[in-house]
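The values are calculated or read from the model by the stated rules, or taken from the named source; none is laboratory data. The structure presented is a predicted model; accordingly, all values stated were derived computationally and were not measured. No Cβ is skipped: glycine too gets one built from the backbone with ideal geometry, and neighbour counts run over all protein chains shown.
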Amino acid sequence: MINYLDKLPRRSKRFVMLALDVVLLPLALWSAIALRLGEWLPNVAGLYWLMLLAPVVAIPIFIRIGLYRAVIRYMEDRFVLTVLKGVTLAVLLLLAFSVMTGVGNIPRSAVVIYWIIALLYIGGSRMIARAFFRRFEFMGDLAACDRVAIYGAGEAGIKLAASLHAGQHSNVVAFFDDNPDRHGSEIGGIKVFSPTKFAEVLAIEAFSSVLLAMPSASHKSRQEIIRRIEPHKVSVKTIPDTLDLLTGAAKIDEIREVAIEDLLGRDSVCPIPHLIDRCISGKVVMVTGAGGSIGSELCRQIIMLEPKCLILFEMSEFALYQIEQEINGLKSRFNSTAEIVPMLGSVTHQKRVEMVLRVFGVQTIYHAAAYKHVPLVEHNLIEGVVNNVFGTLRVADAARNAQVETFVLISTDKAVRPTNVMGATKRLAELILQAFAGESGETRFSMVRFGNVLGSSGSVVPLFRKQIQNGGPVTVTHPEITRYFMTIPEAANLVLQAGAMGQGGDVFVLDMGKPLKIVDLARRMIHLSGLDIRDETNPGGNISIEYTGLRSGEKLYEELLIGENVSGTEHPLIMRAEESELSWNELSDVLDRIDAACHQFEYEKVRDILLEIVDGYQPQGEIHDYVWQHL
């Protein structure tokens, strides 16, 4: 029957509801009189005309207020107000007609009862129809629905369950919550369980996913929950965090993969106000490499600190367009008055950079432009040196000439005893700034050194995720390879604060936390996708892990300090390292020689000079540059 009604044309469905109202309204009046008189079969001989008149008065009103235009299965709760208005008008008109014409001697108290019953009949009929249609549709698709559990039975979890129910794509079968007071209770017919019963409930309900509905939970709490869920064969997903929900950047029902930050991140340390503001608020700020992973996050955080002007300096037109659109969106959302200036250009073009600095009166530069992908730089040695070394030299020299107040270089842990060209070029870039700082001038040069950032363009995280989605294998270079990890927002935030502490020539090192084996990261990502690892002990698993060998220039372990001389700063996660340095007179001759070798494409000579000048540089094997290999 429901199936037949569901297939009726829209016009026919409206006629069915209208016909039902024609029957229900006289029935409501009859029921009201029966209740008023307390009789099962009241004498309504004098009220037949009034009972026939009830639908004649009400139906035009219902048509006028749009009661028959509503699609029943998608009716919202506010349609109750429409029913209330329509029934009330209909009852009042019927009463007025009865009083003025004397037709029907209906008891006055029965009118109130009629109004209540008419509301129940008219509104209830539609509620019942909506429930049947939705239940029928839901039951038809139930086999295809994902069975999910929600971890978190608070406000966020309840809203998420309601959204999933309305969407009819997921069937919520259980809640889990850490609060003992909620255990055993039911929310919308769904029982709340203790997390200690996770395995037991999983065996009974056979859900395939767990949705974390804890937007305000700390990283530590999330990590503990994920650690408990990880051994079970279920995928883990999450809703956006509180900040995204409050700013409107995301909605409660936007289900996401568990961010790698939830696995490796740590609770953030509140920024120190006078540090975060010092070089930005009310100033003209420029970010080189503004479209890159770190550069773009620096721009996002800088615009929140109300600079006078933010200059986005980027070589890639597409990357510049993307970051300009995003930053302008943030500017509008937070009512920022900062001017946003997108500038195309290369950091190796000193005249271009210096003109931009002078025209806009730049006061602070964050130099994030660099080639960072280790194997690519290893195979493009000359371009790596030109961009990373001479790009830094040109921008720093332009900043000094334009009397920029603060210059901050974004460096890397790979600059410490490097085994690759990228690390060697970044250490040479640090030496340039240290030498500049030793010269007289108004610009304060400093550098901030840190390890891998999660989700950057060169990170293993997006690679692993893609490999898992494709069914594997997940490729790891070596079973013992370890890396430090930090989230991009945390790294950018600490860079902004470190730069404010610079006095000239400072090498700041960020506290990266504990290093992690890459293979352990791969295992956790596989498990949290609801899959098993396929190996000798589990040949029936879903995803295998394959070891491909260390890539060109890759180290097993990364370091953050060249020496042991390190001191704390006023920020608990920022240290100041005392590193060896060269005077500008010593360094300038070396730079002239390496510049000449680059212009002549003398690969061996370039590497020999890097070996000579960069302390601890130990390249692995022969020169790997693609052009050199084909000479």
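Matching residues to (1) more than 25 Å from N452 (Cα to Cα); (2) assigned by TED's automatic domain parsing to the domain that holds Q363; (3) under 18 Å from the mean Cα position of the chain (by Cα):
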| residue | (1), (2), (3) |
| --- | --- |
| S281 | yes, yes, no |
| M286 | no, yes, no |
| G295 | no, yes, yes |
| R300 | no, yes, yes |
| E306 | yes, yes, no |
| C309 | yes, yes, no |
| M315 | no, yes, no |
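Scanning the stretch 421-453 for residues that are surrounded by fewer than 23 Cβ atoms within 10 Å (Cβ to Cβ), out of contact with any Lys or Arg (no Cβ under 9 Å at 6 or more places or on another chain) and modelled with pLDDT under 90 yields G438, S440. The lone criterion from (1) modelled with pLDDT under 80; (2) surrounded by 17 or more Cβ atoms within 10 Å (Cβ to Cβ); (3) in the same structural domain as I410 (by TED's automatic domain parsing); (4) among the polar types (S, T, N, Q) left unmet by N493 is number (1). Consider G499 carefully, then state whether it is of a type outside the set (K, R), crowded, with 22+ Cβ neighbours inside 10 Å and over 23 Å from the mean Cα position of the chain (by Cα). So G499 passes the test. Figure legend. Inter-residue proximity from the stretch 579-593: first residues aromatic (F, W, Y), second residues in a helix (DSSP H, G or I) and buried (at least 16 other Cβ atoms within 10 Å of the Cβ), beta-carbon distance below 8 Å, spacing 6+ or different chains. Indicated pairs: W584/A435; W584/F436; W584/G438.
Quick check on the stretch 416-435. Is at least one of its residues touching a strand residue (DSSP E or B) at 6+ places or on another chain (Cβ under 9 Å), under 17 Å from C598 (Cα atoms), among the aliphatic types (A, V, I, L, M) and touching a residue at least 24 places away in the same chain (Cβ under 8 Å)? Scanning the stretch 416-435, I find at least one residue that is touching a strand residue (DSSP E or B) at 6+ places or on another chain (Cβ under 9 Å), under 17 Å from C598 (Cα atoms), among the aliphatic types (A, V, I, L, M) and touching a residue at least 24 places away in the same chain (Cβ under 8 Å), so the answer is yes. Scanning the stretch 34-46 for residues that are assigned to a helix (DSSP H, G or I) and at pLDDT below 70 yields L37, A45, G46.
In this structure, E480 qualifies as closer than 27 Å to I623 by Cα and charged (D, E, K, R). The residue pairs whose first member lies in the stretch 478-490 and is in the same structural domain as I294 (by TED's automatic domain parsing) and over 16 Å from V461 (Cα atoms), whose second member is assigned to a loop (DSSP other than H, G, I, E, B) and not charged (D, E, K, R), and whose beta carbons are closer than 7 Å, counting only pairs six or more residues apart or on different chains, are E490/S268. For F464, the criteria (1) over 22 Å from A415 (Cα atoms); (2) in contact with a Leu (Cβ under 6 Å, 6 or more places away or on another chain) hold in every case but one, which is (2). Applying the condition of being in a strand (DSSP E or B) and among the basic types (K, R) to the stretch 209-263 and asking which residue is modelled with the highest pLDDT yields K237. Residues that are modelled with pLDDT of 70 or more, closer than 26 Å to D511 by Cβ and either of a type in the set (D, E, K, R) or not in a strand (DSSP E or B) (or both) within the stretch 535-575 comprise L556, T569, E570, H571, P572, L573, listed in sequence order.
Determine if the stretch 379-387 includes at least one residue that is under 24 Å from I302 (Cα atoms), surrounded by fewer than 24 Cβ atoms within 10 Å (Cβ to Cβ) and within 34 Å of the chain's Cα centre (by Cα). There is no residue in the stretch 379-387 that is under 24 Å from I302 (Cα atoms), surrounded by fewer than 24 Cβ atoms within 10 Å (Cβ to Cβ) and within 34 Å of the chain's Cα centre (by Cα).
Is at least one residue of the stretch 363-377 more than 30 Å from L550 (Cβ to Cβ), at pLDDT 95 or above and assigned to a loop (DSSP other than H, G, I, E, B)? The answer is yes, given that some residue of the stretch 363-377 is more than 30 Å from L550 (Cβ to Cβ), at pLDDT 95 or above and assigned to a loop (DSSP other than H, G, I, E, B). Taken over the stretch 397-415, the criterion of being in a helix (DSSP H, G or I) and touching a residue at least 40 places away in the same chain (Cβ under 8 Å) is satisfied by D397, A398, A399, R400, N401, D413, K414. Taking the stated definitions as given, is T419 part of a loop (DSSP other than H, G, I, E, B) and more than 27 Å from Q363 (Cβ to Cβ)? For T419, the condition - part of a loop (DSSP other than H, G, I, E, B) and more than 27 Å from Q363 (Cβ to Cβ) - is met.
For residues in the stretch 65-95 being among the basic types (K, R) and at pLDDT below 75, which is farthest from the chain's Cα centre (by Cα)? Only one residue tops the list, namely R69.
The set of residues in the stretch 328-345 that are at pLDDT 95 or above and either closer than 21 Å to N493 by Cβ or hydroxyl-bearing (S, T, Y) (or both) contains only I340. Scanning the stretch 594-626 for residues that are among the aliphatic types (A, V, I, L, M), in a helix (DSSP H, G or I) and touching a residue at least 40 places away in the same chain (Cβ under 8 Å) yields a count of 4. Taken over the stretch 515-550, residues that are touching a strand residue (DSSP E or B) at 6+ places or on another chain (Cβ under 9 Å) and either farther than 30 Å from S208 by Cα or of a type in the set (F, W, Y) (or both) amount to 3.
Could you please tell me which pairs satisfy a Cβ distance under 8 Å, a separation of 6+ or placement on different chains, a first residue in the stretch 346-358 that is outside any helix (DSSP H, G or I), and a second residue that is among the aliphatic types (A, V, I, L, M)? Final answer for the pair search is S346/M315; V347/M315; V347/V353; V347/A369; V347/V395; T348/V386.
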